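The values are calculated or read from the model by the stated rules, or taken from the named source; none is laboratory data. Keep in mind that what you see is a predicted model, and the values were worked out from it rather than measured. Cβ atoms come from the backbone with ideal geometry, glycine included; neighbour counts cover every protein chain shown. All accessible areas refer to the heavy atoms of the entire protein, side chains included, with ligands and DNA or RNA removed. Shrake-Rupley method; radii C 1.70, N 1.55, O 1.52, S 1.80 Å.
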Amino acid sequence: MIEPSTVNVDAKLSLNKYDVDEEVAHIVLKDAAEAPGFDAEFDKLVIACPAGLYRRDENGTPSFDYAGCLECGTCRILCGQTILEKWAFPGPTKGVEYRWG
């Protein structure tokens, strides 16, 4: 029988290299006032984003930072028609560079 193993996701993600485009965000959220159901949609992304880019602080205030994006498209698929203003791949030579080690 094969023994189950534990994977430390934070350790695996730390192997990746990011070249963040500080001038052009590749993911932009709509203003909460302009997006009906913003909170419910945002909470979907808090749960689903593998990089943990969507968060709520201790007061429940939402926060988002595209800098650690894995470019998986999960947020685009789940909420692309609701709370995302823009979703695109980063420009050439920008974004995540996967490393396996």
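Among the numbered criteria (1) surrounded by 12 or more Cβ atoms within 10 Å (Cβ to Cβ); (2) within 12 Å of the chain's Cα centre (by Cα); (3) assigned to a helix (DSSP H, G or I), which single criterion is violated by Ala51?
Ala51 satisfies all of (1) surrounded by 12 or more Cβ atoms within 10 Å (Cβ to Cβ); (2) within 12 Å of the chain's Cα centre (by Cα); (3) assigned to a helix (DSSP H, G or I) except (3).
Do any residues in segment 59-80 that are farther than 15 Å from Val28 by Cβ have Cβ atoms under 8 Å from those of residues that are of a type in the set (Ser, Thr, Tyr) and at pLDDT below 95, where the two are at least six apart or on different chains, and which pairs are they?
Gly68/Tyr18
State all residues of segment 61-99 that are out of contact with any Leu (no Cβ under 7 Å at 6 or more places or on another chain) and of a type in the set (Phe, Trp, Tyr); if no residue qualifies, say none.
Trp87, Phe89, Tyr98
Looking at the structure I just gave you, is Ala67 surrounded by fewer than 18 Cβ atoms within 10 Å (Cβ to Cβ), at pLDDT below 95 and aliphatic (A, V, I, L, M)?
Against the criterion (surrounded by fewer than 18 Cβ atoms within 10 Å (Cβ to Cβ), at pLDDT below 95 and aliphatic (A, V, I, L, M)), Ala67 qualifies.
From the set of residues in segment 86-101 that are of a type outside the set (Val, Ile, Thr) and more than 17 Å from Leu53 (Cβ to Cβ), which is most open to solvent (accessible area, probe 1.4 Å)?
Among them, the one singled out is Trp100.
With the checklist (1) open to solvent by 40 Å² or more (accessible area, probe 1.4 Å); (2) touching a residue at least 12 places away in the same chain (Cβ under 8 Å) in hand, flag the one item Ile83 doesn't pass.
So the condition that Ile83 fails would be (1).
Looking only at segment 50-61, which residues are farther than 15 Å from Trp87 by Cβ and either modelled with pLDDT of 95 or more or out of contact with any helix residue (DSSP H, G or I) (no Cβ under 8 Å at 6 or more places or on another chain) (or both)?
Within segment 50-61, Arg55, Arg56, Asp57, Glu58, Asn59, Gly60, Thr61 qualify.
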